[in-house]
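Since the structure comes first, as structure tokens, the remarks are kept for the end.
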Amino acid sequence: MPPKNSSSSLPSKFRFMFLLFSFLLGTASAQLSSSYYATTCPSALSIIKSAVNAAVAVEKRMGASLLRLHFHDCFVQGCDASILLDDTATFTGEKTANPNINSVRGYDVVDTIKSQLESSCPGVVSCADILAVAARDSVVALGGSSWKVPLGRRDSTTASLSAANTDLPAPTSSLSQLIQAFSNKGLTAKEMVALSGSHTIGQARCTTFRSRIYNDTNINSSYATSLQANCPSTGGDNNLSPLDVTSPTSFDNAYFKNLLSKKGLLHSDQELYNGGFTDSQVTAYSSNLQTFKTDFGNAMIKMGNISPLTGSSGQIRTNCRKVN
Ligand code: HEM
Ligand SMILES: *[C@@H]1O[C@H](CO)[C@@H](O)[C@H](O)[C@H]1NC(C)=O
Ligand SMILES: *[C@@H]1O[C@H](CO)[C@@H](O)[C@H](O)[C@H]1NC(C)=O
């Protein structure tokens with residue numbers, strides 16, 4: 001060991017400068033951390049997991065609904081729980097936007113989780129973080145793989161009906177429109193394909209797939225015929241069919257296998273496997289469950305990182321439905 005001298009103290013000065021710099025950077029930009037509530041609310045993650053498991057035990061579809069809530073939150077103003085704000089006489093939120101109305105569900109499960117968290121750790125855990133953790137716990141409850149959820153998002157004091165109408169992809173979208181919608185949020189085409197694997201669970205209303213089952217040509221004809229029984233050419237708009245015809249309550253890769261046999265329920269689903277450049281990704285996920293699950297978790301982390309409010313931005317709502 002050489003003796004300490006003045007020149008050997010230089011690296012430690014640099015290290016201090018580096019730490020200071022990264023601290024300043026960290027506070028200026030969004031830095032989420034999976035241990036965010038470790039000291040301020042150590043029971044947060046177990047409270048959320050128990051409540052999600054209880055809700056999924058009552059109704060498996062709720063796992064799908066909670067997963068979708070996080071997606072519809074993050075694509076509109078970022079992951080800031082803006083979707084949870086109720087309309088009032090003076091405030092219009094996102095719940096009546098076309099992709100959400102008569103469709104998004106799970107708000108009362110979030111209310112239950114929030115009130116339990118407020119009892120244990122008042123004013124600490126954000127509604128936006130509840131959505132991110134509940135989405136992960138839902139996937140795990142239905143058989144998917146886990147991931148560590150980065151935390152520390154804060155809640156918005158605003159919502160945007162117009163952004164909810166423009167920024168969420170429609171079931172009539174073409175492949176290029178889907179890629180554009182995700183690229184607008186900083187997500188790649190590959191991540192878009194992985195995240196679309198969410199449609200291996202949950203249900204869709206007839207109104208979202210009617211034109212596909214009567215007019216699309218790239219649909220399995222026996223599949224189309226069987227769907228028409230519960231989705232007439234007029235009426236029955238709210239009749240439900242599973243997004244994954246083979247295993248609608250299992251978080252597996254059957255969604256991708258279905259696409260190979262032209263059994264995507266939504267027009268947008270089948271666009272991922274219709275002779276375009278995402279075909280190879282669909283084929284890969286259809287034959288490798290573990291690759292899909294790993295890529296899905298990583299893509300969820302990236303989606304969960306869309307423009308979070310951190311530091312002193314936003315607030316920790318005490319009631320997810322309204323601004324404090
Ligand atoms: C790729 C573009 C996407 C389009 C066009 C799309 C569209 C839709 C539509 C139309 C429904 C049925 C809604 C209804 O009829 O009420 C639905 C359901 C669902 N979506 Fe997507 N989605 C997309 C991506 C995603 C992503 C990225 C996720 C999650 C990360 C997701 C999760 C779900 C889930 C879980 C359901 C079932 C919800 C339930 O049963 O309550 N979707 N989606
Ligand atoms: C199918 O396409 C025809 C011709 O474009 C249209 O008139 C009809 O409304 C479509 N049907 C459905 C169920 O979308
Ligand atoms: C359509 O579905 C039937 C019944 O599930 C299946 O036997 C057939 O192979 C499918 N057709 C195509 C083109 O994938």
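The values are calculated or read from the model by the stated rules, or taken from the named source; none is laboratory data. All of these numbers come straight from a predicted model, not from anything done at the bench. Note that we place each Cβ from the backbone using ideal geometry, even for glycine, and neighbour counts take in every protein chain shown.
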Return the only residue of R68, R136 being buried (at least 24 other Cβ atoms within 10 Å of the Cβ), part of a helix (DSSP H, G or I) and of a type in the set (K, R).
R136
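One line per residue, one yes/no per condition, for (1) of a type in the set (G, A, S); (2) within 16 Å of ligand 3 (Cβ to nearest atom); (3) in a loop (DSSP other than H, G, I, E, B):
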site: E191; (1), (2), (3): no, no, no
site: F209; (1), (2), (3): no, no, no
site: L227; (1), (2), (3): no, yes, no
site: S241; (1), (2), (3): yes, yes, no
site: D244; (1), (2), (3): no, yes, yes
What residue, among those in the stretch 155-170 that are in contact with a helix residue (DSSP H, G or I) (Cβ under 6 Å, 6 or more places away or on another chain) and small (G, A, S), is nearest to ligand 2 (Cβ to nearest atom)?
A159
Restricting attention to the stretch 85-107, the residues that are in contact with a strand residue (DSSP E or B) (Cβ under 8 Å, 6 or more places away or on another chain) and surrounded by 21 or more Cβ atoms within 10 Å (Cβ to Cβ) number exactly 1
Could you check how many residues of the stretch 146-186 are in a loop (DSSP other than H, G, I, E, B) and within 13 Å of ligand 1 (Cβ to nearest atom)?
10
It is to be established whether one or more residues within the stretch 181-200 are surrounded by 14 or more Cβ atoms within 10 Å (Cβ to Cβ) and within 16 Å of ligand 2 (Cβ to nearest atom).
no
Test result for G152, surrounded by fewer than 22 Cβ atoms within 10 Å (Cβ to Cβ), more than 16 Å from ligand 2 (Cβ to nearest atom), on the phi > 0 side of the Ramachandran plot and in the same structural domain as I48 (by TED's automatic domain parsing):
yes
Selection from the stretch 31-80 of residues that are touching a strand residue (DSSP E or B) at 6+ places or on another chain (Cβ under 7 Å) and over 19 Å from S198 (Cβ atoms)
L32, S33, S34, Y36, Y37, D80
What's the number of the condition R210 fails, among (1) in contact (Cβ under 8 Å) with a residue 40 or more places away in the chain; (2) touching an Asp or Glu at 6+ places or on another chain (Cβ under 9 Å)?
(1)
Looking at (1) part of a loop (DSSP other than H, G, I, E, B); (2) more than 13 Å from ligand 3 (Cβ to nearest atom); (3) touching a residue at least 40 places away in the same chain (Cβ under 8 Å), which one does K263 not meet, given that it meets all the others?
(2)
D252 vs (1) in contact (Cβ under 8 Å) with a residue 60 or more places away in the chain; (2) under 17 Å from S103 (Cα atoms): all pass except (2)
So which of L227, L240 is closer than 20 Å to L67 by Cα and in contact with a strand residue (DSSP E or B) (Cβ under 7 Å, 6 or more places away or on another chain)?
L240
For the stretch 250-274, how many residues meet the condition of being hydroxyl-bearing (S, T, Y) and surrounded by fewer than 24 Cβ atoms within 10 Å (Cβ to Cβ)?
3
